[in-house]
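Below you'll find the structure, written out as structure tokens, and then a few comments.
What follows is calculated from the coordinates using simple rules that are stated; it is not laboratory data. In this text the structure is predicted, and so the values were computed from the model without any measurement.
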């Protein structure tokens with residue numbers, strides 16, 4: 001018997017500043033777009049709370065300020 005995979009939830013992270021290619025390489029699972037006023041938007045699917053906490057910890061470890069985090073509509 002197979003169990004259905006839990007739905008992946010899409011999130012957007014608005015971070016302060018323009019991120020270098022090197023920093024962006026630390027987030028291969030996220031897509032990126034430039035936002036107004038020297039912010040960068042990163043977005044993509046997150047599997048569960050553990051992955052979400054890990055993502056936030058990665059931002060913190062790299063000294064990236066997350067200004068806003070929001071769940072995107074399905």
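Summary table
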quantity: Helical mean residue ellipticity (222 nm; -39500 (n - 2.57) per DSSP H run of 4+; nearest 500) of the chain; calculated: -6500 deg cm²/dmol
quantity: Crossing angle, helix 49-61 versus the chain [Cα axis fit, 0-90 degrees, rounded to tens]; calculated: 20
quantity: Length added when fully stretched, residue 32-residue 49, from 0.36 nm per residue minus Cα-Cα; calculated: 4.0 nm
quantity: Isotropic mean projected area of the C-alpha convex hull, segment 16-74 (nm²); calculated: 4.2
